[in-house]
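Undergrad: Pasting a structure here, questions to come.
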Amino acid sequence: MANLLLFFAERLCMRFRSPLTEAILLKRHWRFLAEIALKSQKRMMIYCPNTGPLVSCDLLGSRLWFARALDFQKDCLPVWELVEADGGHLACVNKEHRIPLVVEGITRGVIQELQGYNFLQANAVYGADIAVDLILKQQGEPCFINIEAVTWCTSTGDGQFPDSQAVGTERLLQLMQIRAEGHRAVMLYCVPHNGVQRLRPSAAVDPNYGHVLQAAMARGVEVLVYRGRVDLQSIELDIRLPFVGLAAGLS
């Protein structure tokens, strides 16, 4: 890997920005705020960096862990990072970690399908108006990657995506356009949840998503699923998971 890629990953180390503090979830307000109770019984509000429904991750009385705001954000609320999800597994609810996690996974060689590149750009643009999470390049040949964070896990270990209707479909269509123009296009599902054993499209929430995903794969868009091992100090991608529930030959 080129020094640029190593430098990028080191700056985005997936250790939490501060020691985490344990609390109990009392209630979510407007999805971006959470009311919690500390061990001292003191109540306070923290910021929730995930406005999705957080299925199985926002149950009343769940244990959670939050990080303090950075020094230059002294007026900001602490940030909700982890939760003991339904089933007792640790899960990270902070969607902002998905790109750093993938960058680190590429750099450490965990994501074997994305090796051999020597340039990386995050939060990039393709063409005039298509935003992509990552671009990798090797001798001018680009690979365009979008990353979805998965936090929903069923009691049988099935990760589910999406957890809201119409979430993610547009990003699949954009990757299909990129692939149709001759470039490598990858949809990568980042799963920072210790309980997930496999991933499947959530037909109950959005039956159209699975159809669009299947069409994207048939047209050459690659699908990768990697789970992150979560503890109270850090997260790191460690294993590729299967994507199931699609037609034979595409899972």
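Undergrad: What strands (runs of 3 or more DSSP E), lying completely within the stretch 105-195, carry at least 3 residues that are of a type in the set (V, I, T) and farther than 20 Å from V244 by Cβ? Full working, then the answer.
TA: Working: elements: 119-126, 130-138, 141-149, 158-161, 184-191.
Correct list: 130-138.
Undergrad: Can you work out which of the residues in the stretch 238-251 that are assigned to a strand (DSSP E or B) and modelled with pLDDT of 95 or more is farthest from R179 (Cα to Cα)?
TA: From the stretch 238-251, those assigned to a strand (DSSP E or B) are 238-240, 243; that's our starting set.
This time we only want the ones that are modelled with pLDDT of 95 or more, so: 239-240.
Working: I239: 26, R240: 23 Å.
Only one residue tops the list, namely I239.
Conditions tested, residue by residue: (1) within 17 Å of R98 (Cβ to Cβ); (2) within 14 Å of the chain's Cα centre (by Cα); (3) modelled with pLDDT under 95; (4) not assigned by TED's automatic domain parsing to the domain that holds V83.
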{"residue": "Q165", "(1), (2), (3), (4)": "no, no, yes, yes"}
{"residue": "L172", "(1), (2), (3), (4)": "yes, no, no, yes"}
{"residue": "L175", "(1), (2), (3), (4)": "yes, no, no, yes"}
{"residue": "N194", "(1), (2), (3), (4)": "yes, yes, no, yes"}
{"residue": "R198", "(1), (2), (3), (4)": "no, no, no, yes"}
{"residue": "V205", "(1), (2), (3), (4)": "no, no, yes, yes"}
{"residue": "N208", "(1), (2), (3), (4)": "no, no, yes, yes"}
{"residue": "L232", "(1), (2), (3), (4)": "no, no, no, yes"}
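Undergrad: Within the stretch 86-102, take every residue that is more than 12 Å from the chain's Cα centre (by Cα) and modelled with pLDDT under 95 and give me the one that is surrounded by the fewest Cβ atoms within 10 Å (Cβ to Cβ).
TA: Residues of the stretch 86-102 more than 12 Å from the chain's Cα centre (by Cα): 86-90.
Narrowing further to those that are modelled with pLDDT under 95: 86-88.
Details: D86: 18, G87: 15, G88: 9.
The extreme case among them is G88.
Undergrad: Continuing with this model, one more query. Within the stretch 36-65, can you find the residues that are hydrophobic (A, V, I, L, M, F, W, C) and more than 16 Å from T151 (Cβ to Cβ)?
TA: Here is the first cut: in the stretch 36-65, the residues hydrophobic (A, V, I, L, M, F, W, C) are 36-38, 44-46, 48, 54-55, 57, 59-60, 64-65.
Passing the criteria: I36, A37, L38, M44, M45, I46, L60.
Undergrad: Moving on. Within the stretch 210-226, identify whether any single residue is assigned to a loop (DSSP other than H, G, I, E, B), within 17 Å of the chain's Cα centre (by Cα) and touching a residue at least 12 places away in the same chain (Cβ under 8 Å), and answer yes or no. So that I can check it myself, show each step before the final result.
TA: If we filter the stretch 210-226 for residues that are assigned to a loop (DSSP other than H, G, I, E, B), which is where we start, we get 219-221.
Subsequent filtering for residues that are within 17 Å of the chain's Cα centre (by Cα) retains none.
Scanning the stretch 210-226, I find no residue that is assigned to a loop (DSSP other than H, G, I, E, B), within 17 Å of the chain's Cα centre (by Cα) and touching a residue at least 12 places away in the same chain (Cβ under 8 Å), so the answer is no.
Undergrad: Read through the list (1) outside any helix (DSSP H, G or I); (2) crowded, with 16+ Cβ neighbours inside 10 Å, then give the number of the only condition that A204 fails.
TA: (2) is the only condition that A204 fails.
The values are calculated or read from the model by the stated rules, or taken from the named source; none is laboratory data. Only a predicted model underlies this, so the values are computations on that prediction, with no experimental measurement involved. Here Cβ is always computed from backbone atoms with ideal geometry, including for glycine, and neighbour counts include all displayed protein chains.
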